[in-house]
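Each reported figure results from applying straightforward, stated rules to the coordinates on display, with no laboratory input. Here the structure is a predicted model, which means the values were calculated and not measured. Heads up, the Cβs are rebuilt from the backbone with ideal geometry, glycines too, and the neighbour counts pull from every protein chain shown.
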Amino acid sequence: MTARTGRATAAGARAGAPAAAQESLQGHYAGFASRFAAYVVDAGASTVVFMLILAAISFAVSVVTGQSINWNRNDTWASIAYLAWLFIYFAYSWAASGKTFGMALLGVRVVRSDGADAGARRAVVRTLALPLSFLVFGLGFVGILLGRRRRALHDVIAGTVVIYSWDARAARLRFLSRAS
Amino acid sequence: MDPLGRLRSVGDRLAPPAEALAQRVAERVADLVVSALDVNALLDRVDVDAVLDRIDVDRLLDRVDVDCLLARVDLDPILARVDLDELLAQTDLGAVVARSSGGVASNALDVVRSQTVGLDEFIARWVGRLRRRPYTGPPGPPGPPDEPRAVARS
């Protein structure tokens, strides 16, 4: 099936049509662009939500005590709270559904190497190992480009892979049904 | 008395029963013929494709003057019979708007995902070219994501 999919995709790419339009890629290892775009969305979304939480806390404190809190970027507690929030955001999302908000938007999902759900333990390990991939100019991400299974360093450590959870063929049919 | 007149009056008297008799005979004959006919067998012998081939639809449509047809339709009385207030009251405009905007959002999402997958393929092809390894499509799959403990294929 893999070879057939590959041929179909390559033929589609040659014909100028989007690869996804040719055949469903659901379950195949996700590529660099999808994963990077999902990460950018997650970074933005998690930061915005964190700032909203801080604003809500500031408002609540000012209402209760009459004093305002000034959050500083160099504030150690704010940094620790931000890191804790990022940990909760990623670990909970991967443990609960295998995908964060950004991954859901881009149609990718984290699963175990054998295709089963990632589970809580792997989600936590993956979240803790994620910063390691950023070390040494992001060398941990090279595996997505060069590896056979498109795994980053934190994927290898946690025993996970990222796959397309999006059925391109169904999307194509939806698009055609709307067009007709 | 005029013999021709008598003959005519006899003819007038005999005409209705004769017509009724002829009608009954015709109906009976028609029933017999229809019951004796195997319509399915008859239809099987008809080559519908050949019949359709002989119909020149373009020519047929050319002969239809749509403008003339529409000119004969008086829309005003039809529209006058439509109770717009009742129609709007029965229409769940919120659901229509939600469905429409949902479709737009879903469509936009499909486009974004399609483009990103296309970019994935583009990058993978270039990496394959730099490594002098032919790219044969996205690798995988590791197994059905919803089946626990699926065996990896690669």
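Below, the figures for the structure above:
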{"quantity": "Protection proxy ranking, peptides B:50-60, B:124-134, average beta carbon neighbours within 10 Å, highest first", "calculated": "B:124-134, B:50-60"}
{"quantity": "Percent of alpha-carbon pairs separated by more than 24 Å within region B:39-130", "calculated": "71"}
{"quantity": "Among B:Ala105, B:Ala80, B:Ala41: highest mean-square fluctuation, GNM of chain B, C-alpha pairs under 10 Å", "calculated": "B:Ala41"}
{"quantity": "Spin-label model distance (nm) - A:Leu52 vs B:Val66, 7 Å beyond Cα toward Cβ", "calculated": "5.0"}
{"quantity": "Amide H partners (placed H, <5 Å) of A:Asp117, local residues excluded", "calculated": "A:Arg112, B:Arg149"}
{"quantity": "For region A:97-180: relative contact order, % (alpha-carbon pairs under 8 angstrom, 6 or more apart)", "calculated": "32"}
{"quantity": "As computed over the protein assembly as shown, the Cα convex hull volume per residue (Å³)", "calculated": "387"}
{"quantity": "Rounded tilt (10° steps) of B:3-36 against the dominant C-alpha axis of chain B", "calculated": "30"}
{"quantity": "Between region B:70-111 and region A:54-116, the Cα center-to-center distance that results, in Å", "calculated": "43"}
{"quantity": "Inter-chain shielding of A:105-114 (mean C-beta neighbours from other protein chains, 10 Å cut-off)", "calculated": "5"}
{"quantity": "Shielding by partners - mean other protein chain Cβ count within 10 Å, residues of B:106-113", "calculated": "6"}
{"quantity": "Over region A:29-179, relative contact order from alpha-carbon pairs under 8 Å, at least 6 apart, %", "calculated": "26"}
{"quantity": "Note, ³J(HN,Hα) from phi for region B:38-53, Karplus 6.51, -1.76, 1.60, rounded to Hz, x at Gly and Pro", "calculated": "9, 4, 4, 5, 5, 5, 4, 7, 7, 8, 4, 4, 5, 4, 5, 4"}
{"quantity": "Helix-only CD estimate at 222 nm, as mean residue ellipticity for chain B, using -39500 (n - 2.57) per DSSP H run (n ≥ 4)", "calculated": "-23000 deg cm²/dmol"}
{"quantity": "Per-residue average of Cβ from other chains inside 10 Å of A:39-47", "calculated": "0"}
{"quantity": "Highest to lowest packing among A:126-139, A:158-171, A:75-88, scored as the average C-beta count within 10 Å", "calculated": "A:158-171, A:126-139, A:75-88"}
